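The values are calculated or read from the model by the stated rules, or taken from the named source; none is laboratory data. Keep in mind the model is a prediction, meaning the values are calculated, not measured. For neighbour counting, all protein chains shown are included, and Cβ atoms are generated from backbone atoms with ideal geometry for every residue, glycine included. Just so you know, the surface numbers come from the protein's heavy atoms only, side chains and all, with ligands and any DNA or RNA stripped out. Shrake-Rupley method; radii C 1.70, N 1.55, O 1.52, S 1.80 Å.
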Amino acid sequence: MADLATETAGAADAVDPADWTCPAPLRDQPVVVMGHGGGGALSAELIEQVFAPAYGNPTLAALTDSAVLDLGGARLAFSTDSHVVRPLFFPGGSLGDLAVNGTVNDLAMSGAVPTHLSTAFVLEEGVELAVVGRIARDIGAAARAAGVVVATGDTKVVESGHGDGVYVTTAGVGLVPDGVDIRPQRARPGDAVIVSGPIGLHGVAIMSVREGLEFGVEIASDTAPLAGLVAAMLAVTQDVHVLRDPTRGGLGASLNEIARASGTGVRLRERAVPVPDEVVNACGFLGLDPLYVANEGRLVAFVPPHEAEAVLAAMRAHPQGTGATVVGECVDEHPGMVVVATGLGGTRVVDLPLGEQLPRIC
Amino acid sequence: MKYIDEFNDPALARRLLDEIRATVTRPWALMEVCGGQTHSIIRHGIDQLLPDEVELIHGPGCPVCVTPLDVIDKALEIAARPGVIFCSFGDMLRVPGTDRDLFRVKGEGGDVRVVYSPLDALDLARKNPDREVVFFAIGFETTAPANAMAVHQARRLGVRNFSLLVSHVRVPPAIEAIMTAPACRVQGFLAAGHVCSVMGTDEYPDLADRYRVPIVVTGFEPLDILEGIRRAVHQLERGEHRVENAYARAVRDQGNPAAQRMIEEVFEVTDRNWRGIGPIPASGWRLTEAFRDHDAEHRFDVTGIRTEEPAVCRAGEVLQGLIKPTECEAFGTACTPRTPLGATMVSSEGACAAYYLYRRMTDGPAPRESRVPQEEMNPVG
C-alpha cells in the first residue's frame, strides 16, 4: 500500500494534504490504533512504513503469508503469527486451535506441507493454570489433527494488567513440493476464483461471544487446518496460481491484496458468494459487510480455467472443502481492483478496508 | 445459504424496474432521506438500473454526518479526561473533530469503548461506580427511544455516574428545511422506514400537502427501495402528493406509542445545528430539566470549544442534495476515508463514503491504490 507514501510525498497531479490549510484529521497516525491490526489498509501501511524498511530484503518483499526459502536444494516455507483473541475459548474453537491453524494455514498457502511448529506463550500474572493447560491441550490436539510437531517453545510472564490473559505466538516450517509456485503475483486473467466454503463464521462467532450479542442460533468458528485440502488440490494440478486464507479483513481484503499484487482485476458474482444466513443476519444487524469478516478455516484459490472443474471436485471431496464454489474470475479490466456484480445487475467496487469494520449506529 | 434474501430477488426487481420504466414520462428527482437507504442504493447499484428520468438525490439522514462539529469536539474533550469511560456506537469513532477523532483519543490513552446499546453503557456505569460513564447519544428518532430508556433507567436505579452527550435530530423539520431551500430540486421523498416505525406517519401528511410532494415510507432492502420509487413516480405522474406506507411490515401509522412516550418523558424539542447544513428550528431533542443531572454538557465544563470546519469540504451541499459527492473537488483526492474532511466520508451511512467505497471505478477518480507499482504492494497475513 503506497497510499500514504503517495499522498505525503506529493503526487504531482493531486492536492497535497501537507499543504492543506484546513485540518485534515487522521492524515497521520502518531499512535497505534486498533485499525493497525485489522488486516486492512492501515495494517499494510504499518508493514510498508515501519517493518519493511527496517528489515528490507527480497524474501520479505514478496510479503506472502509464508516466506519460501531455498535451503540446500529444498524449499522451506516459514511463517509466524501472534494470536491475541478474546475470549480465549469460543464456539467452535479456542486460542490454542487458532494458534496452530493460523500458522499451518499460512504455510499451506504457499503449497507447503507443514511439519514443525514453535509456540511462545506470554502469560499474564494471575491467569489460572487450568486455562493455560486447556490452551496447551488444544494446541496439542490441533497439531496432531494438522499433522505437525510442536518442536520448541518459550514462556514469558508479564505483570498483572500488562496483558490480556494469554497471548500465543506460533512459528512453523514446512516443505514446498517441487514444481509448486503459489503466490499472489501469479494470478492471471481468466483464472477461476474459488472459495472453499461459507464465509464470515469465525468473525461473527467471536463477535457474538465477545460483545455478548446473541443472534438466535449459536454460530461456531470455522477454524480448521487447511494443509490437507491444499494437498488434495495439488494432487489434481500443481498449477494452482494463488492461495490465500482470508483471515483478518476477510475475503474482501484478500482479493484486493491478490488483485494489487498481480496487477489484475477480480470480478465477483455477489450471489455466488456463500454466506450463511446467520452471518447475513448478524452482519445486517451490525451494519457489517460479510466480505470483510474474518475466517480461520477457509481459503480462496486462483486456478487456471481449464483446471477449475477438477480442482473444485477435489476440494468438494475433502472435508474442509465440501462447500467449495466458484465465486468469480480474474480479469484484465480494472487492474488492482475487485468489483462485484450485485444480485440486481449493478456493479460496485469492493475496496481494501481501512482498518476494522465498525458497527453502525442504526 | 444465500447472500441476499427475498428482498433482493432479481426477478421481482426487474418487474419493479419495468413498471417504473413504463410509468415514467418525464424527469423526476426523488430524495431518499436516510443514509442507510443511500448505501443500499449505491451498494446494490440501484441507481444504475433506474431509467434516466428518475434521479435519486441523497438526503441528510445520516446521523453521524449531521452531528455538529462542536458536539464532536465536546465528545473528544470529555473522552480524553481521566476517570471517564466514553461510550459510543462504532461509526462515531472515525468522525473527524477539529483536530482529532475518538480513535485518536483512544490511542492516546482515553477510555473509549464501542457499545451496541446505551443500556450496555449504563451497565458499565453500574460496574464502575468510581468512574464517569458518558454515552454519545446521537441519531434520529430511531435511536432516541433507547437512549431515553437508558437515562430513565439510570434515574430509576439511582446510577448517578451515567450521563448522555445528546445530539438527537428529527426528520420532519429537516424535510421542511430542504423544501424551503431556494435551490431545492426535490419532487418526492422516500421517507426512512425505521424512523417511521417509531414515530409513525402522522407527521408527514401536512408536509406532503404543504409542499405538494409525495412521501413514501420506504425500507432498506433493494426491493423496498424500488417499491418506494415505483410508488413515488406513480404519484408524481398522476399529479398526486400523498403519504404512502411501502414498509407496512415494520411501520404502523401511529408508530410505536411506548417508544414515543419514553422520548416525551426524557427529551424536549429544541433547535439544533446540523453539521454542513446549519441551524434548523425545532429539529432536535435535548434532555429535559428534570434529567439535567444526566446531561454530560451540564456535568462537564466543555464551554469554550473552538471549532474549525475544512473550508473546501462540500458535505453540507451533499447532505442537502445539492451536489453529488463526486462533484466535490476534494472527493477522492484530499478527502478519502483515511483523510476525511467531512463526516460524510467516514460514516457508514455517509453519501461520500458510499461513492468512494463502491463507485470509484465509474463515477470518481481512479483509486490511488490501483496505480501503485507492483513492488509496493503489501499483502498482510
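When B:V134 is tested against (1) farther than 26 Å from B:A353 by Cα; (2) part of a helix (DSSP H, G or I); (3) hydrophobic (A, V, I, L, M, F, W, C), just one condition goes unmet, and that condition is (2).
Surrounded by 22 or more Cβ atoms within 10 Å (Cβ to Cβ), within 16 Å of the chain's Cα centre (by Cα) and either without any contact (Cβ under 8 Å) to a residue 12 or more places away in the chain or more than 14 Å from chain A (Cβ to nearest Cβ) (or both), is that true of B:A137? No, not satisfied.
The set of residues in segment A:28-57 that are facing chain B (nearest Cβ under 10 Å) and over 18 Å from the mean Cα position of the chain (by Cα) comprises A:D28, A:Q29, A:P30, A:V31, A:V32, A:V33, A:Q49, A:F51, A:A52.
What's the total number of residues in segment B:300-328 that are closer than 24 Å to B:G35 by Cβ, among the charged types (D, E, K, R) and not in a helix (DSSP H, G or I)?
Residues of segment B:300-328 that are closer than 24 Å to B:G35 by Cβ, as a first pass: B:307, B:309-328.
Still in the list and also among the charged types (D, E, K, R): B:309, B:314, B:317, B:324, B:327.
Now narrow it down to the ones that are not in a helix (DSSP H, G or I): B:309, B:314, B:324.
Total satisfying the criteria: 3.
A:D65 meets the stated requirement of being open to solvent by less than 30 Å² (accessible area, probe 1.4 Å), within 11 Å of chain B (Cβ to nearest Cβ) and among the charged types (D, E, K, R). Pairing each residue of segment A:70-97 that is within 15 Å of A:R248 (Cβ to Cβ) with any residue that is surrounded by 15 or more Cβ atoms within 10 Å (Cβ to Cβ) and of a type in the set (F, W, Y), provided the two are 6+ apart or on different chains, yields C-beta distances under 6 Å for A:V84/A:Y167. For segment B:218-267, a tally of residues being open to solvent by 60 Å² or more (accessible area, probe 1.4 Å) and touching a Phe, Trp or Tyr at 6+ places or on another chain (Cβ under 8 Å) returns 1. For segment B:341-381, residues that are facing chain A (nearest Cβ under 7 Å), at pLDDT 85 or above and open to solvent by less than 10 Å² (accessible area, probe 1.4 Å) total 1.
Among the residues making up segment B:289-299, those that are open to solvent by 20 Å² or more (accessible area, probe 1.4 Å) and either in contact with a helix residue (DSSP H, G or I) (Cβ under 8 Å, 6 or more places away or on another chain) or under 27 Å from B:L319 (Cα atoms) (or both) are B:R292, B:D293, B:E297, B:H298, B:R299.
Residues of segment B:111-131 being surrounded by fewer than 19 Cβ atoms within 10 Å (Cβ to Cβ), under 22 Å from the mean Cα position of the chain (by Cα) and part of a helix (DSSP H, G or I), which ones? Result: B:L119, B:D120. Is it the case that some residue within segment B:280-288 is open to solvent by 60 Å² or more (accessible area, probe 1.4 Å), closer than 24 Å to B:D209 by Cα and β-branched (V, I, T)? Checking segment B:280-288: not a single residue is open to solvent by 60 Å² or more (accessible area, probe 1.4 Å), closer than 24 Å to B:D209 by Cα and β-branched (V, I, T).
For a quick check of your reading: which helices (runs of 4 or more DSSP H) sit entirely within segment B:151-239 and have at least 2 residues that are among the β-branched types (V, I, T) and either over 16 Å from the mean Cα position of the chain (by Cα) or more than 25 Å from B:K324 (Cβ to Cβ) (or both)? Steps first, answer last, please.
Working: elements: B:171-180, B:193-199, B:205-211, B:222-238.
Where helices (runs of 4 or more DSSP H) fall fully within segment B:151-239 and carry at least 2 residues being among the β-branched types (V, I, T) and either over 16 Å from the mean Cα position of the chain (by Cα) or more than 25 Å from B:K324 (Cβ to Cβ) (or both), they are B:222-238.
Taking segment A:172-190 as the range and being outside any helix (DSSP H, G or I) and not aliphatic (A, V, I, L, M) as the test, the residues that pass are A:G172, A:G174, A:P177, A:D178, A:G179, A:D181, A:R183, A:R188, A:P189, A:G190.
Residues checked against (1) in contact with a Lys or Arg (Cβ under 8 Å, 6 or more places away or on another chain); (2) at pLDDT 85 or above:
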| position | (1), (2) |
| --- | --- |
| B:L287 | no, yes |
| B:H294 | yes, yes |
| B:H298 | yes, yes |
| B:T303 | no, no |
| B:T307 | no, no |
| B:R314 | no, yes |
| B:G321 | yes, yes |
| B:E327 | yes, yes |
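Could you run through segment A:324-349 and say how many residues are in contact with a strand residue (DSSP E or B) (Cβ under 8 Å, 6 or more places away or on another chain) and at the interface with chain B (Cβ under 8 Å from one of its Cβ atoms)? Matching residues across segment A:324-349 total 9.
Annotation: B:P51 fulfils all but one of (1) closer than 26 Å to B:L226 by Cβ; (2) open to solvent by 20 Å² or more (accessible area, probe 1.4 Å); (3) out of contact with any Gly (no Cβ under 9 Å at 6 or more places or on another chain); the unmet one is (2).
Take the residues of segment A:242-265 that are more than 17 Å from the chain's Cα centre (by Cα) and of a type outside the set (S, T, Y): which is farthest from the other protein chains (Cβ to nearest Cβ)?
Narrowing segment A:242-265 to residues more than 17 Å from the chain's Cα centre (by Cα): A:262-265.
Checking the rest, the ones that are also of a type outside the set (S, T, Y) come to A:263, A:265.
Working: A:G263: 6, A:G265: 9 Å.
Per the criteria, the residue is A:G265.
For segment B:86-101, what are the residues that are surrounded by fewer than 22 Cβ atoms within 10 Å (Cβ to Cβ) and not hydroxyl-bearing (S, T, Y)? Explain how you work it out, then say what you get.
The initial filter retains those residues of segment B:86-101 that are surrounded by fewer than 22 Cβ atoms within 10 Å (Cβ to Cβ), namely B:90, B:98-100.
Answer for segment B:86-101, where residues must be surrounded by fewer than 22 Cβ atoms within 10 Å (Cβ to Cβ) and not hydroxyl-bearing (S, T, Y): B:G90, B:D99, B:R100.
The single residue among B:R113, B:R156, B:R160, B:R131 that is within 14 Å of chain A (Cβ to nearest Cβ) and more than 21 Å from B:T218 (Cα to Cα) turns out to be B:R113. For A:D277, indicate whether it is within 19 Å of the chain's Cα centre (by Cα), farther than 21 Å from A:Q238 by Cα and facing chain B (nearest Cβ under 9 Å). Spelling it out, it is not the case that A:D277 is within 19 Å of the chain's Cα centre (by Cα), farther than 21 Å from A:Q238 by Cα and facing chain B (nearest Cβ under 9 Å). Scanning segment A:219-266 for residues that are in a helix (DSSP H, G or I) and among the hydroxyl-bearing types (S, T, Y), which turns out farthest from A:G355 (Cα to Cα)? The selected residue is A:S262.
Within the option set A:M1, A:M34, being modelled with pLDDT under 80, farther than 26 Å from B:R314 by Cβ and surrounded by fewer than 16 Cβ atoms within 10 Å (Cβ to Cβ) holds for one residue only, A:M34.
One residue alone among B:E268, B:E240, B:E221 is acidic (D, E) and modelled with pLDDT under 95, and that residue is B:E221.
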